[in-house]
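The values are calculated or read from the model by the stated rules, or taken from the named source; none is laboratory data. Everything numeric in this text was worked out from a predicted model, so none of it was measured. Here the Cβ is made from the backbone with ideal geometry for all residues, glycine too, and neighbour counts use every protein chain on show.
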Ligand code: BTN
């Protein structure tokens with residue numbers, strides 16, 4: 001139980017040295033009817049990222065998926081992702097790394113903008129209620145540069161405390177403390193965001209939106225000021241156009 005041993009979590013912990021994907025394992029548990037389980041793996045052989053990308057998952061990272069069954073409408077799902085991004089960012093900062101959030105959920109090192117962590121939220125819902133929701137967090141903690149893509153870095157490489165168990169514990173605590181209350185999550189997210197005030201180009205399912213990112217709105221949308229007025233973007237791939 002390398003990472004999960006002694007983890008003090010308000011969830012059942014399902015630890016594996018190696019899994020194809022903690023999100024996939026959590027989905028199996030969801031189908032079996034489980035709830036409030038935190039799946040943790042020491043490494044993944046088939047880690048998945050957003051937008052059908054793969055997630056490089058060598059040993060030394062933190063790979064964790066939380067399965068919950070919240071009594072909320074499906075439209076609230078993005079608040080879980082934002083809360084997880086805040087939790088991971090805070091864990092990085094407590095480990096001594098100056099981390100920031102790029103909308104919606106990338107955790108980067110301030111300045112270099114190399115990626116430390118990402119979040120993949122998956123859900124099944126009925127019309128008015130989430131049936132199950134999985135928040136999957138992948139964080140490069142105790143990973144060497146050689147095991148990472150060019151655009152990424154790790155807590156260790158950035159000079160931080162690379163204790164994975166402590167890192168995982170901090171994520172769980174912050175996530176829980178935020179209570180998924182938008183009044184807690186959104187201000188914390190704004191405080192850590194590097195996207196707000198920046199010129200952005202967002203590829204959305206409905207086309208490209210370019211302008212200045214001015215705010216985040218419940219449940220997790222990016223508000224972009226464009227030449228044609230404000231646009232609220234609910235999902236997409238965001239690029240910062242100029243350095244901060
Ligand atoms: C992204 O930035 O594209 C999101 C990456 C999410 C990766 C995590 S690792 C734990 C969980 N299991 C997966 O297969 N993916 C998520």
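Listing for the model above:
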| quantity | calculated |
| --- | --- |
| Residue list for region 128-152, restricted to those being exposed (fewer than 15 other Cβ atoms within 10 Å of the Cβ), touching a residue at least 12 places away in the same chain (Cβ under 8 Å) and either within 13 Å of the ligand (Cβ to nearest atom) or within 19 Å of residue 100 (Cα to Cα) (or both) | 149, 151 |
| Region 150-207: number of residues that are part of a loop (DSSP other than H, G, I, E, B) and touching a strand residue (DSSP E or B) at 6+ places or on another chain (Cβ under 8 Å) | 10 |
| Entirely in region 9-116, the strands (runs of 3 or more DSSP E) that have 2 or more residues that are surrounded by fewer than 24 Cβ atoms within 10 Å (Cβ to Cβ) | 12-19, 37-44, 99-102, 106-109 |
| Residues (under 20 Å from residue 180 (Cβ atoms), away from the ligand (no atom under 15 Å from the Cβ) and either in contact with a strand residue (DSSP E or B) (Cβ under 9 Å, 6 or more places away or on another chain) or at pLDDT 95 or above (or both)) located in region 84-127 | 86, 90, 124, 125 |
| Qualifying positions in region 218-235 - assigned to a loop (DSSP other than H, G, I, E, B) and surrounded by 11 or more Cβ atoms within 10 Å (Cβ to Cβ) | 218, 219, 220, 234, 235 |
